[in-house]
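**Q** Below is a structure I'd like to ask you about.
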Amino acid sequence: MRVASVVAVLLLSGSASGVASEPALPPERLAADADVIVVGPVKEVYSRVEDDGRGHVTARLVFAVAVEAVEKGDAVRPGDLVYVRSYQNVRVPADWAGEGGQGAPAVGVRVRAYLRRQGGGYDPLSPNGLVWLDGQTARYAVPSTEGGSVEAGRFWWLAVAGGLGGLVCGILIGRGFRPRRHAEPGAAPDPAPKAGPGR
């Protein structure tokens, strides 16, 4: 339960995206600017994809690093899980310029993460606060967003089921649906309907 609430808060808060590309920070600057530096494998990755409706689709990511070593900071200890927020642009408008985000390493990849504590969570220093180790380069694969709105596309079947349910209800109501009366065995059939006024 605790992990789910931490992940929900981190995904909702997101991480700020830059408006212009930044040059990579040298290692000594990364070490000086980071509040925490941890090394360890990525254990989990969570994602939420946002579509602003104007052609900019962003994956908000949270990944858990199982801390093997702490190179800076005393808020984290070896054996802890550190949840890191990140983002990755999935699709951008043709006239857009800016950072694409650092994305997230794939599960199992060891990283050195230069982190800054912000808003109750950890963000990697931008633009290169995540360093893939051991020659690994695998990245988390953001779910496909082809074919329209990402959020709507994931639940297309709900729209179809709702539409069919509405159609059936409309037909039944329009035809004056009434439950059938079942006669008891041996009972006389219902008399013919009586003509009402004006019939």
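**Q** Consider A64 carefully, then state whether it is modelled with pLDDT under 90 and not in a helix (DSSP H, G or I).
**A** no
**Q** Related question: Sort through G53, G98, G79, G108 and tell me the only one that's of a type outside the set (D, E, K, R), under 17 Å from A141 (Cβ atoms) and part of a loop (DSSP other than H, G, I, E, B).
**A** G108 is the lone residue from the list that is of a type outside the set (D, E, K, R), under 17 Å from A141 (Cβ atoms) and part of a loop (DSSP other than H, G, I, E, B).
**Q** Further question: If you check E71 against the conditions, is it touching a Ser or Thr at 6+ places or on another chain (Cβ under 7 Å), part of a strand (DSSP E or B) and over 17 Å from A106 (Cα atoms)?
**A** Considered against the rule, which asks whether it is touching a Ser or Thr at 6+ places or on another chain (Cβ under 7 Å), part of a strand (DSSP E or B) and over 17 Å from A106 (Cα atoms), E71 comes out as no.
**Q** Let me confirm something: among R48, R77, R85, R91, which residue is at negative phi and loosely packed, with under 12 Cβ neighbours inside 10 Å?
**A** Sole residue among the options that is at negative phi and loosely packed, with under 12 Cβ neighbours inside 10 Å: R77.
**Q** Could you run through segment 94-129 and say how many residues are over 16 Å from V76 (Cβ atoms), surrounded by 14 or more Cβ atoms within 10 Å (Cβ to Cβ) and aliphatic (A, V, I, L, M)?
**A** Residues meeting the conditions: 4.
The values are calculated or read from the model by the stated rules, or taken from the named source; none is laboratory data. Computed from a predicted structure; not experimentally measured. For neighbour counting, all protein chains shown are included, and Cβ atoms are generated from backbone atoms with ideal geometry for every residue, glycine included.
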